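A.B. asks: A single structure is presented below for examination.
Where a number appears in this text, it was derived from the coordinates with a stated rule and is not lab data. Just so it is clear, the model here is predicted, and its values are computed rather than measured. Positions of Cβ are generated from backbone atoms using ideal geometry, with glycine treated the same way; all protein chains shown enter the neighbour counts.
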Amino acid sequence: MPNCFIDYYKTSGRHQLQAILFDVDGTIASGKRPLPHAAELIELLKKDKFPFFLLTNDSCNSPEIKSKGLRDIGIQIQPEDIVSCAHTLKNFIREKGWQNLNFFVNGSLGNPSYADLAEIKWSDNPEHIRTADAIIFGEGEYEWKFRLETIFNTLIAKPHVPCIVPNPDSYWPLSNGKGELGIGAGAQARFIFQLLREKGIEPTVFYLGKPYPTIYNYTAKILKKLVGPTLDIGKIAMIGDSLSSDIKGGNAVGMHTILVLSGITAKNQLENISPEMTPKQVFDSL
Ligand SMILES: [Mg+2]
């Protein structure tokens, strides 16, 4: 019989944990297919009024679009249940005191744009790259060569211009049904950073999404408002299918990490893994 998280939640999890954070792809759904028990578990959490969020490194699809995609396959997620790596932009920029900078957004941060949500002055017009005070690496369809070359040359001339990468992912599954991968925003950014390092320049880079702590700390702050001062970060479960993203990132901030084997990680990969990637619990699926 498969070992499922929902059975643990029903017996002891709902008493031992204070909140749950879910990865989406490979955990809740796989492309347009709901994963086992996801719909039932979300329904149960809503009935229990148990705090939870879906954490996504998608900085290009709005929570409205993303949640609709999940509702279309029977998982009752609402926009407010989703935290994107790009939601953290506003806080991050305020903490840095960069509210008055002019930002260039490479590609897109969605429509409506997360850059507007962050209340910053921004442009995605490549004519503004050379005059920008900071660069945000967005996603979506855009002509790469000219923009990436202009960013590269701008950073050679002005190496201290900060680069913000909401989505650090190297690649993501294309929905073409062939199991192929798309090149992610993180990989596009690192391509430029590698070229700069070859020129002896160390860029100033800030990653916001999983496995970096910004998105986890941002979500923990929201949870603290919901749960109150008794919130213990060790009682926030981070459930996901990726050791190097969900588990490593959750462990780094002291969350209770749970691996599900319904996505990219197979059981035999758990042998000889380093402590920072070791989950506290493992289930076959939700
Ligand atoms: Mg995943």
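A.B. asks: Name the residues whose placed amide hydrogens come within less than 5 Å of the amide hydrogen of D241, ignoring near sequence neighbours (fewer than 5 apart) on the same chain.
C.D. replies: Answer set, sorted by chain and number: V260.
A.B. asks: With N set to the number of residues, divide the alpha-carbon radius of gyration of the range 10-126 by 2.2 N^0.38 Å and report two decimals.
C.D. replies: 1.24
A.B. asks: Take the Cα radius of gyration of the range 27-96 and divide it by 2.2 N^0.38 Å, with N its residue count; two decimals is plenty.
C.D. replies: In units of the globular-protein estimate, the range 27-96 measures up at 1.20.
A.B. asks: In the chain, which longest range has no GluC sites (Glu not before Pro) that are both DSSP loop (not H, G, I, E or B) and surrounded by at most 12 other Cβ atoms within 10 Å?
C.D. replies: By the stated rule (loop sites, at most 12 other Cβ atoms within 10 Å), 1-118.
A.B. asks: Restricting to the chain, what percent of DSSP beta bridges are antiparallel, rounded to 5?
C.D. replies: Of all bridge pairs located within the chain, approximately 15 percent are antiparallel.
A.B. asks: Here's a follow-up. Please list, or write none, the aspartates and glutamates whose alpha carbon is within less than 18 Å of the alpha carbon of K145, excluding same-chain residues fewer than 8 places away.
C.D. replies: Reachable aspartates and glutamates: D124, E127.
A.B. asks: I need the phi-derived Karplus couplings for the range 22-39: 6.51 cos²θ - 1.76 cosθ + 1.60, θ = phi - 60°, integer Hz, Gly and Pro marked x.
C.D. replies: The phi angles translate into 10, 6, 9, 6, x, 10, 8, 8, 10, x, 9, 10, x, 8, x, 6, 4, 5 Hz.
A.B. asks: Can you tell me the equivalent ellipsoid semi-axes for the range 155-217? Use √(5λ) from the Cα gyration tensor, largest first, whole Å.
C.D. replies: Equivalent ellipsoid semi-axes, largest first: 25, 16, 7 Å.
A.B. asks: Moving on to the next point. Just list whichever of K96/K224; K121/K248; K49/K121; K178/K221; K66/K225 have alpha carbons separated by over 29 Å in the model shown.
C.D. replies: Flagged as over cut-off: K121/K248; K49/K121; K178/K221.
A.B. asks: Please enumerate, by chain and number, the aspartates and glutamates with C-alpha under 18 Å from the C-alpha of K210, excluding those fewer than 8 residues away in the same chain.
C.D. replies: Excluding near neighbours in sequence, the set is D23, D25, D58, D81, E139, D169, D241, D246, E276.
A.B. asks: Give the angle, between 0 and 90 degrees and rounded to the nearest 10, that separates the Cα long axis of helix 144-157 from the longest principal axis of the Cα atoms of the chain.
C.D. replies: That helix lies at roughly 70 degrees to the long axis.
A.B. asks: Could you state the principal axis extents of the C-alpha atoms in the range 99-207, from the largest down, to the nearest angstrom?
C.D. replies: If we take the Cα atoms of the range 99-207, the spans are 42, 35, 23 Å.
A.B. asks: Among DSSP bridges having both ends in the range 99-207, what percentage is antiparallel? Round to the nearest 5.
C.D. replies: If I count the DSSP bridges inside the range 99-207, around 25 percent turn out antiparallel.
A.B. asks: Hey, rough spin-label estimate for R94 and T11, points 7 angstrom out along Cα→Cβ, what's it come to in nanometres?
C.D. replies: 4.4
A.B. asks: Let me ask something additional. Let me test this: with uniform point scatterers at the alpha carbons of the chain, what is the Debye-based log₁₀ I(q)/I(0) at q = 0.11 1/Å?
C.D. replies: Calculated log10 I(q)/I(0) at the listed q: -0.65.
A.B. asks: If you filter the range 136-195 for trypsin sites (Lys or Arg not before Pro), then keep DSSP loop positions with at most 13 other Cβ within 10 Å, what is left?
C.D. replies: In loop regions of the range 136-195 (DSSP not H, G, I, E or B), the sparsely surrounded trypsin sites (Lys or Arg not before Pro) are K178.
A.B. asks: Using the Kirkwood formula over every pair of different C-alpha atoms, what hydrodynamic radius in Å results for the range 73-140?
C.D. replies: That comes to 13.0 Å for the range 73-140.
A.B. asks: Which values of log₁₀ I(q)/I(0), to two decimal places, follow from the Debye formula for the range 142-286 at q = 0.09, 0.15, 0.17, 0.19 Å⁻¹ with a uniform point scatterer at every Cα?
C.D. replies: Evaluating at q = 0.09, 0.15, 0.17, 0.19 Å⁻¹ gives log10 I(q)/I(0) of -0.39, -0.92, -1.05, -1.13.
A.B. asks: Which far-off residues, 5 or more places away or on another chain, put their amide H under 5 Å from the one on A134, with H placed in the peptide plane?
C.D. replies: N102, F104
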